[in-house]
Amino acid sequence: MALIMNNSFEQEYKKLSSKFLEVSLREQVLILFCGLVVVILMMYSLLLEPIFESSEKLQQNSKSADKEIRFLIAQVAELSDNIKTDPNGPVLERIALLKRQILNITNQLKTQTDNLVPANKMAGMLESVLAGSKGLTLIELQSIAPIPISLGLPEEPDAGLYRHGVTLVFQGNYFDIQRYLEKLESLPWQFYWERFDYLVGDYPTASVELEIYTLSTNKAFIGV
């Protein structure tokens, strides 16, 4: 059987060879060129095309892996920064800022209150100066309930200081009243003027309603 097939192939080859030799040189070249192209196409289909497809898949996989690696590196960098950063940092900075503000306000208040008249001596001071002034008559002397001083900060609403006021009503003529006010302003103790009402009565008598206040760390009400 094998011998018969070999004879058949041999006969077929001889036929093709004789036909090939019978054609012109140009046709022979074209036949060889076409045969070469067929061989190349078969090699590309069987060998090169699978390699190219595999290469493209590898490139795509490489790009995907590179993208995932960059994402993981970014995550690691972010986690590293978070570890280095103190999560309590902003809160501690806010606390430090508030402490500095409170200290600054406290120092300002201390400077302003060093020479203020003590709250428990304010009413006596007014009455004593009034008693030493001629032509004036005391009508009323009344303490005002203390009011806390606010710092204006939500975390620390109070400064630990209280405003203590006194209302004084007296009568006299214009010049006696003027001398009394000048004596108050010349005292070594300082205080704040809140209100001054001057009402003219039967000439030459006038009525004065005076309200002054001082600052104190004592929040207790101080009576007169």
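All of the numbers you see were taken from the coordinates with simple rules; none came from a lab. Computed from a prediction, not measured in an experiment: that's the story for all the values here. All Cβ positions, glycine included, derive from the backbone under ideal geometry; neighbour counts span all protein chains shown.
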Checklist outcome for this item: For segment 108-216, shape from the Cα gyration tensor axes a ≥ b ≥ c, cut at a/c of 1.5 then a/b versus b/c, turns out prolate
Item to check | Distant-in-sequence amide H partners of Ser207 (H built 1.01 Å from N, under 5 Å) | outcome: Leu199, Val200, Gly201
Checklist entry - According to the square roots a ≥ b ≥ c of the eigenvalues of the Cα gyration tensor, what is the shape class of segment 172-224, taking rounded for a/c under 1.5, prolate for a/b larger than b/c otherwise, and oblate for the remainder? => result prolate
Item to check | Estimated distance in nm for a label pair at Asn218 and Ile147, the labels positioned 7 Å out from Cα along Cα-to-Cβ | outcome: 2.1
Checklist entry - If R0 is 35 Å, what FRET efficiency do you get for Lys121 and Asn173 from their C-beta distance, rounded to 0.05? => result 0.80
